[in-house]
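What follows is a single structure, written as structure tokens, with notes after it.
Read-outs throughout are calculated quantities, based only on the coordinates presented, and are distinct from any laboratory measurement. Small disclaimer: the values here were computed from a predicted structure and weren't measured. We place every Cβ from the backbone using ideal geometry, glycine too, and count neighbours over all the protein chains shown.
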Amino acid sequence: MSEQFKIGIVVDVVPLDKVSKAWEYFEVPASIHGDPILCDADWEVWRDKYKADGRPCMTTSHLLGPGTTWKGGSGKYYDRELIAFSLEREFRRLSELGIKYVGCWGGHFRVQDGFSRTKSIDQALSTINIAADYADKYGMQIALEPQAEADTLFPRYLEGVEFAKMCGRSNVKVMADLNYFLELEQPLEDILKYPEYCLNVHIQGDGGAQPNVGNRKETLLHLFRVLKEAGYDKGVSVACPWVITNGAAEIDYAYETDTTLKFVQELRAETYK
């Protein structure tokens with residue numbers, strides 16, 4: 001039987017102590033918990049929480065994300081000095097958690113109206129190469145995340161693969177996000193065209209909520225079968241805004257994350273039976 005993928009959770013809003021121990025890894029929101037403008041003492045509080053929990057921190061999301069004043073890796077807001085400073089601090093901090101795959105959101109790489117696309121591409125390649133240098137230093141890989149918006153440089157998954165190839169770095173590959181595949185009606189089989197390029201996968205339910213919300217079961221099974229055919233053995237992260245499913249007045253993260261995990265585990269078991 002093929003080695004199964006692992007099931008993880010993005011903990012951008014979910015308290016670590018509310019996540020069932022059966023989840024197999026954390027996906028760390030890099031620029032929230034490791035925000036480069038946080039002082040080291042504040043970062044160490046987050047670092048120590050992860051280490052005390054003890055389960056692997058395998059992947060990240062939010063690289064150079066909303067926790068900072070940083071506005072993009074290309075386009076009119078490009079600031080190479082700020083990017084270099086931020087990446088150095090984030091990668092150094094992430095290395096303390098043993099991160100393997102660093103998710104880099106495609107929404108950071110845009111070309112605004114009136115701005116040169118060629119210049120935006122040059123800036124984006126510069127940003128990604130800085131990240132790749134730090135990833136090399138700490139034994140990590142970069143997963144570019146195509147984000148489905150028309151003003152980004154690589155909105156589609158296969159365009160992300162081509163952009164990764166353009167970088168010319170062996171440690172720059174891509175991430176597959178289910179919502180973005182569906183938004184642009186991309187075939188999930190696109191993953192099979194370059195299976196060696198897929199480093200991380202994000203899943204959600206209808207409306208962006210957790211995977212067990214709505215009618216995503218058959219779509220998720222389709223995705224999981226594609227991953228099995230690809231020989232994918234890395235992580236599938238639940239990355240979503242969380243909603244209340246049990247009628248409670250306030251969200252019960254322990255209940256919601258446990259219910260979601262059981263749902264995803266059952267789909268994985270069905271895939272690999």
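Under a plain spin-label model, where a point goes 7 Å from the Cα along Cα-to-Cβ, how far apart in nm are residue 265 and residue 244?
My value for the distance between the label points is 2.6 nm.
Report, in whole Å, the centroid distance computed from the Cα atoms of region 180-195 and region 113-169.
Cα centroid to Cα centroid, the span is 18 Å.
³J(HN,Hα) across region 110-123 via Karplus (A = 6.51, B = -1.76, C = 1.60, θ = phi - 60°), whole Hz, x for Gly/Pro?
So the Karplus estimates, Gly and Pro as x, are 10, 10, 7, 3, x, 9, 5, 5, 4, 5, 4, 5, 4, 5 Hz.
Can you give the FRET efficiency for residue 85 and residue 166, using 1/(1 + (r/R0)^6), R0 = 25 Å, r = Cβ-Cβ distance, to the nearest 0.05?
It comes to 0.50.
How do 118, 219, 127 rank when sorted from fewest to most other Cβ atoms within 10 Å of their own Cβ?
Fewest-to-most ranking of 118, 219, 127: 118, 219, 127.
About the Cα centre, and with charges only on the beta carbon of Lys, Arg (+1) and Asp, Glu (-1), how big is the dipole of the chain? Nearest 20 debye, please.
Taking the Cα centre of the chain as origin, the dipole is about 520 debye.
Tabulate in residue order the Karplus-calculated ³J(HN,Hα) for region 180-185, using 6.51 cos²θ - 1.76 cosθ + 1.60 with θ = phi - 60°, rounded to whole Hz; enter x for Gly and Pro.
6, 4, 5, 4, 9, 6
Summarise the long-distance tail of P(r) for region 1-117 by giving the % of C-alpha pairs beyond 17 Å.
57 percent
Can you tell me what the convex hull of the Cα atoms of region 6-271 projects to on average, as an area in nm²?
Result: 13.7 nm².
Enumerate by residue number the GluC sites (Glu not before Pro) in region 1-106 meeting two conditions: DSSP loop (anything except H, G, I, E, B), and at most 12 other Cβ atoms within 10 Å of the site's Cβ.
Within region 1-106, the qualifying GluC sites (Glu not before Pro) (loop, at most 12 other Cβ atoms within 10 Å) are 3.
If each of residue 229 and residue 40 carries a label point 7 Å out from its Cα toward its Cβ, how far apart are those two points in nm?
Each label point lies 7 Å from its Cα, and together they span 5.1 nm.
Kindly identify region 114-205 as rounded, prolate or oblate by the Cα gyration tensor criterion: order the square roots of the eigenvalues as a ≥ b ≥ c, call it rounded if a/c is under 1.5, otherwise compare a/b with b/c, prolate if a/b is larger, else oblate.
Verdict is oblate for region 114-205.
Which ³J(HN,Hα) values in Hz, rounded to whole numbers, follow from the phi angles of region 3-8 under the Karplus curve 6.51 cos²θ - 1.76 cosθ + 1.60, where θ = phi - 60° and Gly and Pro get x?
Karplus values, whole Hz, x for Gly and Pro: 5, 7, 6, 9, 10, x.
Going by how many other Cβ atoms sit within 10 Å of their own, how do 142, 130 line up, fewest first?
Fewest-to-most ranking of 142, 130: 130, 142.
Just going by the charge dipole of region 53-205, with Lys and Arg at +1 and Asp and Glu at -1 on Cβ, which of 157, 54, 181 is farthest out on the positive end?
In region 53-205, that residue is 54.
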